[in-house]
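Data block below; observations after.
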Amino acid sequence: MNFFQKIKIKVTSEEFKLQPHDKVFKYTVIPFIPRWILPNHLTYLRLVFTPLVLYFILINNYRSALIAFILVALTDAIDGSLARTRRQVTELGTFLDPLADKLLIGSTIFVLMLKHINIFISLSIILLEVIFLVGWYVRKRLGRQLRVNIWGKIKMNLQVIGVGILLLALVLGQPIMFQYSESTLVLAIVFALVSLFTYGL
């Protein structure tokens, strides 16, 4: 038994309840993932390759940044589905997964903020992500259940879409698309606040 398999968590049936996208991945992507690959492996992959996304942005290689960002962001959807489908939810995973998400979004938006995103939108997103991360840590220390609500999931999806649109705009050289990106990120802020006040995460 390896390190990842030893880190178990007492979970409820709610933790294993499949989401709509889980059912899609269950019959399309997951069958091609070897059994030795655990959900936490994909989370670690997201942590390792996030700096690569930032590097491509810093050197203005936006095409590579967009491809890398999409691939890294996909690991977020896949690792959760893999954990619920194969019943491999772990305490480590429930903490690292949101941490990896926040590092990906927060650091990417911070780098893009230097050139392309409204500073108030960027700082609002980064501040909220810090609050969420602190909230997760406090709940963990108190022994409370670590679980994102539906509003938090929508927020994350909107953030990914907003950053993706911005990177695509830079690849295509279409500044007008910046408006769609900022509008999506503002909507993400709204859902982040809803998530914060309805669940505290």
Failed item, numbered, when Val163 is tested on (1) crowded, with 19+ Cβ neighbours inside 10 Å; (2) outside any helix (DSSP H, G or I) | (2)
Selection from segment 171-201 of residues that are in contact (Cβ under 8 Å) with a residue 40 or more places away in the chain and exposed (fewer than 13 other Cβ atoms within 10 Å of the Cβ) | Thr198
Residues being assigned to a helix (DSSP H, G or I) and either farther than 25 Å from Pro31 by Cβ or of a type outside the set (Gly, Ala, Ser) (or both) - total across segment 69-94 = 15
What is the residue count in segment 88-106 for residues that are in contact with a Lys or Arg (Cβ under 7 Å, 6 or more places away or on another chain) and at pLDDT 85 or above?
-> 2
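Condition check ((1) in contact with a strand residue (DSSP E or B) (Cβ under 8 Å, 6 or more places away or on another chain); (2) under 19 Å from Asp97 (Cα atoms); (3) surrounded by fewer than 14 Cβ atoms within 10 Å (Cβ to Cβ)) across all residues:
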residue	(1), (2), (3)
Tyr27	no, no, yes
Phe32	no, no, yes
Asn40	no, yes, no
Thr50	no, yes, no
Ile57	no, no, no
Ser64	no, no, no
Ile67	no, no, no
Ala73	no, yes, no
Name every residue in segment 95-119 that is of a type in the set (A, V, I, L, M, F, W, C), surrounded by fewer than 20 Cβ atoms within 10 Å (Cβ to Cβ) and assigned to a loop (DSSP other than H, G, I, E, B), in order of residue number.
-> Leu114
Would a scan of segment 132-144 turn up a residue that is modelled with pLDDT of 90 or more and crowded, with 21+ Cβ neighbours inside 10 Å?
-> no
Can we say Leu58 is closer than 27 Å to Phe32 by Cβ, of a type in the set (A, V, I, L, M), out of contact with any Cys (no Cβ under 6 Å at 6 or more places or on another chain) and modelled with pLDDT of 90 or more?
-> no
Is it fair to say Lys155 is among the basic types (Lys, Arg), touching a Leu at 6+ places or on another chain (Cβ under 7 Å) and part of a helix (DSSP H, G or I)?
-> no
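Rundown of residues vs (1) among the basic types (Lys, Arg); (2) at pLDDT 85 or above; (3) over 21 Å from Leu42 (Cα atoms), yes/no style:
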| position | (1), (2), (3) |
| --- | --- |
| Arg86 | yes, yes, no |
| Thr108 | no, yes, no |
| Met113 | no, yes, yes |
| Val148 | no, no, no |
Among residues belonging to segment 81-128 that are of a type in the set (D, E, K, R) and closer than 22 Å to Pro51 by Cα, point out the one that is farthest from the chain's Cα centre (by Cα).
-> Lys115
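The values are calculated or read from the model by the stated rules, or taken from the named source; none is laboratory data. Bear in mind the structure is a predicted one, so any value in this text is a computation, not a measurement. Note: ideal-geometry Cβ built from the backbone for every residue, glycine included; neighbour counts use all protein chains shown.
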